[in-house]
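Here is the structure we will look at, set down as structure tokens.
The numbers here are math on the coordinates, done by the rules we state, and not lab data. These numbers come from a predicted model, not from an experiment. Reconstructed Cβ throughout: ideal geometry from the backbone, glycine too, with neighbour counts over all protein chains shown.
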Amino acid sequence: MTSEDMLVKLDEMIGHAVRQAISDPIHASDWVEIRVSLQDAATRIKQLREK
């Protein structure tokens with residue numbers, strides 16, 4: 001799996017977390033935390049690719 005593949009998969013997972021946060025208001029804060037973690041992972045991959 002390439003870094004580009006990982007970024008695409010992370011983007012899909014971020015979208016899923018956003019949709020879940022909207023559709024599951026009781027657990028929305030959990031989904032927001034998951035989204036933030038996924039975005040942090042994507043940012044780190046992008047940083048590593050720049051080196």
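Quick look at the numbers
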{"read-out": "Fluctuation leader among ILE22, ILE14, ILE34 - the chain, Gaussian network, Cα springs under 10 angstrom", "value": "ILE22"}
{"read-out": "Charge dipole (debye, nearest 20) of the chain; +1 at Cβ of Lys and Arg, -1 at Cβ of Asp and Glu", "value": "180 debye"}
{"read-out": "Contact order relative to length of the chain, as percent, for alpha carbon pairs under 8 angstrom and 6 or more apart", "value": "40 percent"}
{"read-out": "From the C-alpha gyration tensor of the chain, square roots of 5λ in Å", "value": "25, 11, 5"}
